[in-house]
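None of the figures in this text is laboratory data; all of them are computed from the coordinates on show. Keep in mind that what you see is a predicted model, and the values were worked out from it rather than measured. Quick reminder, even Gly has a Cβ in these numbers, built from the backbone with ideal geometry, and neighbours come from all protein chains shown.
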Amino acid sequence: MKKSILTIAFSLIILNSFSQGKPYSLNTVYDAYPNLLNKGVTYFNRSAPGQIFLSHNLIIADSSNTAKSTATFYGTVNINGTLNVIPVPSVVNLGTSQTFVMVSKDTLKITTSQLVSGNVGQLVRPSPDALIFLTGSDYSSTTDSTTFSNAKISAAAAYTYIVDKVPTYTFSAGAVNIGTVNTGHGAGFFVAGVYKGTSTASTSAGGIVTLSGTGDFIFYFNGTLTTGANTRFILTNGATASHVFFASSGAVTTGANSTLVGTFISPSAMTTGANTNLTGRLLSTAAAVHTGASNSLIIPTN
């Protein structure tokens, strides 16, 4: 089969990182170059104007990113243009709570100063308010009840979505240590999927949880979720914090000096240990959030 060379001389938008098996999108390709497919590129079909996704296979999609057809492109792609990184959205829709790093249905309790990036919503502002904002704003039922209320509603909807989602892996009955459990890829090692447990979940002190690959990592436990001191969550092979979700029916407690990633959602209380570093969110839909001393709570950007 004859190979072709496709040269693209306009802006390229990349979804996720640039590597095999991940989608890449070109905007305005058909609008700017309507005759492109007649210029020696003959191994894929145009279904509708919009975006092209270049991965190992070529997927043509419309402007809403809905795939229309697939085909393999045989040849070399030369790209001359500007590269802009745009994250692929998660299947878990956080709605307006997506911009919040913390939501507390009750009074937010703070131990010493907290470095935060993202909006914070609480029933009543803590006194003294020791939040140090890198970005975002502070919302409460008295200062902006609508914004705060909408964030709570969105977080609750996301929690319900996770609870109702069909699991791709179900843990054995009873308590689960997610730092040592083996789902087929090694102890504490997870690929993208939906994981559900019937009881509590935890990590031991110094526990390591590895999340590997692209896609969504969704965990739900029908009980409390507790991480031991010095726990580390590690992202590898394209995994990103914005695609990690931990939901639990019971209280969420993180151990001191832990480095964690992901959005934690629960109708119960949340408590972080001293020196917790979280790239994610703490969203309590019906209880209080209590942060330990010298936390760093940063909303995911990818």
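Just grab the label-to-label distance for Ser145 and Val91, each label 7 Å out from Cα along the Cβ direction, in nm (one decimal).
3.8 nm
If I model the stretch 109-262 as equal point scatterers sitting on the Cα atoms and use the Debye formula, what is log10 I(q)/I(0) at q = 0.15 Å⁻¹?
Calculated log10 I(q)/I(0) at the listed q: -0.90.
Taking the simple approach of a point 7 Å from Cα along Cα-to-Cβ for both Ala173 and Thr301, what is their distance in nm?
4.7 nm
Return the long-range amide H neighbours of Gly213 (sequence gap of 5 or more, or a different chain), with a cut-off of under 5 Å between placed amide H atoms.
HN-HN under 5 Å from Gly213: Thr236, Asn237, Gly238, Ala239.
Modelled label-to-label distance, Ala187 and Leu134, 7 Å Cα→beta-carbon offset: nm?
Label-label distance for Ala187 and Leu134, simple model: 3.3 nm.
What FRET efficiency would be calculated for the residue pair Ile153, Asn237, taking the C-beta separation as r and a Förster radius of 51 Å, to the nearest 0.05?
Efficiency, rounded to the nearest 0.05: 0.90.
Can you work out the FRET efficiency for the pair Asp164 and Ala287, with r the C-beta to C-beta distance and R0 = 22 Å, to the nearest 0.05?
0.55
Most exposed first by the Cβ proxy, i.e. fewest other Cβ within 10 Å, how do His185, His290 rank?
Sorted ascending by nearby Cβ count, the order is His185, His290.
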